[in-house]
Every structure is written in structure tokens, then in C-alpha cells.
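Notes to accompany the following structure.
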Amino acid sequence: MLELILRSDVPGLGRAGEVVKVRPGYGRNYLIPRGFALAATRGNIAQLEHQKRLIAAEQARVLAEHKAMAQKLKGVSVSIARKKGGEGKLFGSVSTKDIAEALANQNITIDRKLIKLDEPFKNIGTYEVPVRFSGDITETIRVNVVGV
């Protein structure tokens, strides 16, 4: 059996960064030439461990950043004015871009892709909108759509 370090996820074999044992022909003829794996030498294993530490440190920094941003959004409310028609309907709609711009006016910069809307708002009203930063960090903001 040949020990290899996976450089990318291989279905049915393992995830990137894992050390796996495979048959020599599979490793030599398929995994290594296509760049899916490299030999599990001491140097490569040490380099893998170093990269894992760097990735873990970066993930911890991003997680702390997301928690701080979620804390900043706690209790935030924005108002967006749009032209209205009859029965509380809007001419146009309010999308994630509009919400991100309204937050930017309050000096809160957020990527609009983090704002989760099923569909744009097309009526006047107050809505609860989730902002999902990462797996378990979510904060809800209140969006008031006002007719003009």
C-alpha cells in the first residue's frame, strides 16, 4: 500500500489534507499525475501540518471578525423609502443591495451576499431579515419599507 496526502477532495477516498493508503497503481497512475495527491514523505507531512495551523489561525480570525460584526448588528433597524402604488404595493422592490446600502448609510459595511432574502420585498411593511455570517453566526435586522 502507498501512503499519500490528498491535495483536494476525492469522492469515495477522503478529504483534502488527509493521509490515505491506496494501491500503488491507483496512486502512481491516477492520483499523483492529476494533482489530487502527493507522496506522504516527512517533509510533505510537516508542510501539511504547517498549512493546517495557518488555516486554523485564519479561520479563528475570521470567526472573531464575524462575531464582532454580528454584535454590531444586534438591534439594528433600517428604513427604506420607495414609491408606492395602490394597496401598499411598491413600484419596484427592495432587494439585498438596497438593504446593504441602507446599512452603509449607518456606517455598517456588510457584503450583500450575507443578507438572506427569499425574494425581494414588494409591499410596504416591517420585515425581519437574517444576516448569516457563517455556519452558526446569524443576526436578524429589522427593515422598514416605507411608501412615499
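Taking segment 52-70 as the search range and keeping residues that are surrounded by 11 or more Cβ atoms within 10 Å (Cβ to Cβ) and of a type outside the set (A, V, I, L, M), which one is farthest from THR109 (Cα to Cα)? For segment 52-70, the residue satisfying everything is LYS52.
Scanning segment 15-36 for residues that are modelled with pLDDT under 90 and either surrounded by 15 or more Cβ atoms within 10 Å (Cβ to Cβ) or small (Gly, Ala, Ser) (or both) yields ALA16, GLY17.
The set of residues from segment 96-111 being surrounded by fewer than 18 Cβ atoms within 10 Å (Cβ to Cβ) and either within 11 Å of VAL145 (Cα to Cα) or charged (D, E, K, R) (or both) comprises LYS97, GLU101, ASP111. Here ILE115 clears all of (1) in contact (Cβ under 8 Å) with a residue 12 or more places away in the chain; (2) open to solvent by 80 Å² or more (accessible area, probe 1.4 Å); (3) within 17 Å of the chain's Cα centre (by Cα) except the condition numbered (2).
Being farther than 24 Å from GLN106 by Cα and either open to solvent by less than 50 Å² (accessible area, probe 1.4 Å) or acidic (Asp, Glu) (or both) is a description that applies to ALA39.
Among the residues of segment 68-85, not a single one is at pLDDT 90 or above, among the hydroxyl-bearing types (Ser, Thr, Tyr) and in contact with a Leu (Cβ under 9 Å, 6 or more places away or on another chain). Evaluation of VAL78 against the conditions (1) within 24 Å of the chain's Cα centre (by Cα); (2) more than 30 Å from GLU128 (Cα to Cα); (3) among the β-branched types (Val, Ile, Thr) shows that the sole unmet condition is (2). State whether one or more residues within segment 83-90 are open to solvent by 60 Å² or more (accessible area, probe 1.4 Å), on the phi < 0 side of the Ramachandran plot and in contact (Cβ under 8 Å) with a residue 60 or more places away in the chain. Checked against the condition, which is being open to solvent by 60 Å² or more (accessible area, probe 1.4 Å), on the phi < 0 side of the Ramachandran plot and in contact (Cβ under 8 Å) with a residue 60 or more places away in the chain, segment 83-90 yields at least one hit.
As for segment 80-88, it holds no residue that is out of contact with any helix residue (DSSP H, G or I) (no Cβ under 7 Å at 6 or more places or on another chain) and more than 30 Å from GLY125 (Cα to Cα). Within segment 118-136, the only residue that satisfies the criterion of being under 24 Å from ARG61 (Cβ atoms), at pLDDT 90 or above, open to solvent by less than 80 Å² (accessible area, probe 1.4 Å) and not β-branched (Val, Ile, Thr) is PRO130.
Of everything listed in (1) over 30 Å from GLY17 (Cβ atoms); (2) at pLDDT 90 or above, the single unmet condition for LEU90 is (2).
The values are calculated or read from the model by the stated rules, or taken from the named source; none is laboratory data. This is a predicted model, so every value here is computed, not measured. All Cβ positions, even for glycine, are placed from backbone atoms using ideal geometry, and neighbour counts span all protein chains on display. SASA here: full protein model, heavy atoms, side chains in, ligands and nucleic acids out. Shrake-Rupley method; radii C 1.70, N 1.55, O 1.52, S 1.80 Å.
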